[in-house]
């Protein structure tokens, strides 16, 4: 297995395509089976010309990709580069002997019902779950039903890793483009299933840190939490439940001045994904927006459904926390001593230089821990990646899909 990545900031699309194609093909030094392309919205008027131009250099490769708010690739000097708010083109090539590729386009409106059996989902993908495929997914950011799609794919392919993102939007037309094979789409989802001699690991850095302690939901309705109880208390005991607002007021008393200020603008809810893990850690939570507070009854509204008995914890997000979260995850992955062949990065538009006040932050951190791995990607309007065994649509997140030989075993 071989991977290569290139990036170009030439303002001419022809020149940019020539640049990335020649650079990536020279690095790969093999016939590419898969070509993953991400193009910045500065080229929006020229999206229809992209695939024909690429075909001149890559006549036999599976083409897959989309438009992005920015793109990620590797420079001719071998360094990872993130280009935001400027014309740029990223191309990642992969030579994949022993790997089967199945690309597809799905319309959200035509998806099976969530009550349908797994077979209806596998029929539209045309890949058996026995193949244990991994999925790359990019979608139209205006399509409703993405959560249903991810839930359906998890149902049909429970052992598969799924990563990706929502395409970037061109500011004037409010449009985006998805690329699959010879076709360009403006709606739905395009994807590639990869199976055979390939493994894909996912890193999902949500960029938050917990404050206070976990609480169990005692009373909740859909996305509203009315009553909670400290995790250490038996849910059936006589320990008095509290409203979430009472808990939050208690937590505020113990915060530093800086964290109190941060909580005014960057307070989130972490929803534990395991019902059985006794001690919860930072990566055990799915981070969701806190969308409302009712001061009269002390209830809070969360941007997701919540169920009684589920554990939740308040979280904060800032640049330092986001950096620390990603660094901890990369350090943990490095300790497994895998040897990645290539990687893709799906990063939120809200991160990048606007968050860190310096360029190339997430991609440089990736290289610091995992070395000069060919890395491509784009800035998304939502990121797709797993937390625990479930795949979610995230915000403010960096998701990495890391490809390696499945024969590699993690270090003890």
**Report entry** Condition met for residue 111 (buried (at least 18 other Cβ atoms within 10 Å of the Cβ) and under 30 Å from residue 405 (Cβ atoms))
**Finding:** no
Requested in this report: Look at residue 318 and say whether it is buried (at least 17 other Cβ atoms within 10 Å of the Cβ), closer than 21 Å to residue 208 by Cα, touching a residue at least 40 places away in the same chain (Cβ under 8 Å) and touching a helix residue (DSSP H, G or I) at 6+ places or on another chain (Cβ under 7 Å).
Outcome: yes
Report task. Out of the residues in the stretch 345-372 that are without any contact (Cβ under 8 Å) to a residue 40 or more places away in the chain and outside any helix (DSSP H, G or I), state the one that is farthest from residue 71 (Cα to Cα). Result -> 371
Report summary line: Of those in the stretch 271-287 that are out of contact with any helix residue (DSSP H, G or I) (no Cβ under 8 Å at 6 or more places or on another chain) and at pLDDT 75 or above, the residue surrounded by the most Cβ atoms within 10 Å (Cβ to Cβ) is 285
Report task. Go through the stretch 388-407 and give me each residue that's in a strand (DSSP E or B) and surrounded by fewer than 22 Cβ atoms within 10 Å (Cβ to Cβ). Result -> 390, 393, 404
Query raised in the report: If you go through the stretch 231-244 one residue at a time, do you hit one that is modelled with pLDDT of 90 or more, buried (at least 18 other Cβ atoms within 10 Å of the Cβ), assigned by TED's automatic domain parsing to the domain that holds residue 128 and in a loop (DSSP other than H, G, I, E, B)?
Result: no
Report summary line: So the strands (runs of 3 or more DSSP E) completely within the stretch 1-110 holding 2 or more residues that are modelled with pLDDT of 95 or more, assigned by TED's automatic domain parsing to the domain that holds residue 186 and closer than 21 Å to residue 348 by Cα are 2-8, 34-40, 62-68, 70-74, 80-84, 89-95
Report task. Out of the residues in the stretch 199-230 that are under 20 Å from the mean Cα position of the chain (by Cα) and modelled with pLDDT of 90 or more, state the one that is surrounded by the most Cβ atoms within 10 Å (Cβ to Cβ). Result -> 206
Query - Which listed residue, of 164, 196, 191, is assigned by TED's automatic domain parsing to the domain that holds residue 332, surrounded by fewer than 19 Cβ atoms within 10 Å (Cβ to Cβ), modelled with pLDDT of 90 or more and touching a strand residue (DSSP E or B) at 6+ places or on another chain (Cβ under 8 Å) - result: 196
Report summary line: In the stretch 291-310, anything buried (at least 17 other Cβ atoms within 10 Å of the Cβ) and either assigned to a helix (DSSP H, G or I) or touching a helix residue (DSSP H, G or I) at 6+ places or on another chain (Cβ under 9 Å) (or both) is listed as 298, 299, 300
**Report entry** Looking only at the stretch 27-49, and only at residues there that are more than 23 Å from residue 135 (Cα to Cα) and touching a strand residue (DSSP E or B) at 6+ places or on another chain (Cβ under 8 Å), the one that is surrounded by the most Cβ atoms within 10 Å (Cβ to Cβ)
**Finding:** 41
Query raised in the report: Has the stretch 333-350 got any residue that is over 17 Å from the mean Cα position of the chain (by Cα), over 30 Å from residue 272 (Cβ atoms) and surrounded by fewer than 24 Cβ atoms within 10 Å (Cβ to Cβ)?
Result: yes
Query raised in the report: Quick check: anything in the stretch 148-161 surrounded by 20 or more Cβ atoms within 10 Å (Cβ to Cβ), touching a helix residue (DSSP H, G or I) at 6+ places or on another chain (Cβ under 6 Å) and outside any loop (DSSP other than H, G, I, E, B)?
Result: yes
Query - Breaking point among (1) in the same structural domain as residue 191 (by TED's automatic domain parsing); (2) part of a loop (DSSP other than H, G, I, E, B), for residue 279 - result: (1)
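The values are calculated or read from the model by the stated rules, or taken from the named source; none is laboratory data. Note that the structure is a prediction, hence the values are computed from the model and not measured. FYI the Cβ positions are ideal-geometry reconstructions off the backbone, even for glycines, and counts take in every protein chain you see.
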